[in-house]
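A short write-up of the structure that comes next.
Values in this text are rule-based calculations from the coordinates and carry no lab data. Being a predicted model, the structure only gives us computed values, none of them experimental. In this analysis, Cβ positions are derived from the backbone assuming ideal geometry, glycine residues included, and neighbour counts consider all displayed protein chains.
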Amino acid sequence: MALEKGDIIPDFKLKNQNGNEFNIDSLKGKQAFVIYFYPKNFTPGCTKEACNFRDSYEDFKELGAEVIGVSSDNQSSHEKFSKKHNLPFTLLSDASGRLRKKFGVKKSLLGLVPGRETFVFNKNGQLVYKFNNLDASKHMQKALKVIKNLE
């Protein structure tokens, strides 16, 4: 069942790139946040998307929002990817695909590649926007625009 606009983010805990447990409750009720799902570390589109979020991360922070990237890559891969590209935000390992399933992120490219989808939540954890497109260049721009328009 896919998350729809107005839904509250489901509870979850996953390991981040540093091997620490991340709990969504650390953000819910405190600040707005963007969670973007991407197919795979070190691929051209995913690197471009991560670097777009990195380059605008301060804009998100100034607006009181956090950014989180999620893929099925393991913690070690996330750590290398984060260090190589100086990513200042959290990357979560969803190796089991459970979180992807909770959000309703579909596979793309004939069902072979994990989907690319971005979700924007207000500070109460309510979904205010979602965007699904394989074009990595548009995700950050759309998410930032939505964050700017939050009350």
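If you filter region 11-48 down to residues that are basic (Lys, Arg) and assigned to a loop (DSSP other than H, G, I, E, B), you find that the one that is surrounded by the fewest Cβ atoms within 10 Å (Cβ to Cβ) is LYS30.
Among the residues of region 12-40, count how many are under 21 Å from PHE131 (Cβ atoms), over 13 Å from the mean Cα position of the chain (by Cα) and not charged (D, E, K, R). The qualifying residues number 3. When SER82, SER77, SER93 are screened for being over 13 Å from ALA50 (Cβ atoms) and among the small types (Gly, Ala, Ser), only SER93 passes. Cβ-Cβ contacts under 6 Å between residues 6 or more apart (or on different chains), taken from a first residue in region 11-36 that is in contact (Cβ under 8 Å) with a residue 60 or more places away in the chain and of a type in the set (D, E, K, R) to a second residue that is surrounded by 17 or more Cβ atoms within 10 Å (Cβ to Cβ) and part of a loop (DSSP other than H, G, I, E, B), are listed as LYS28/GLY125.
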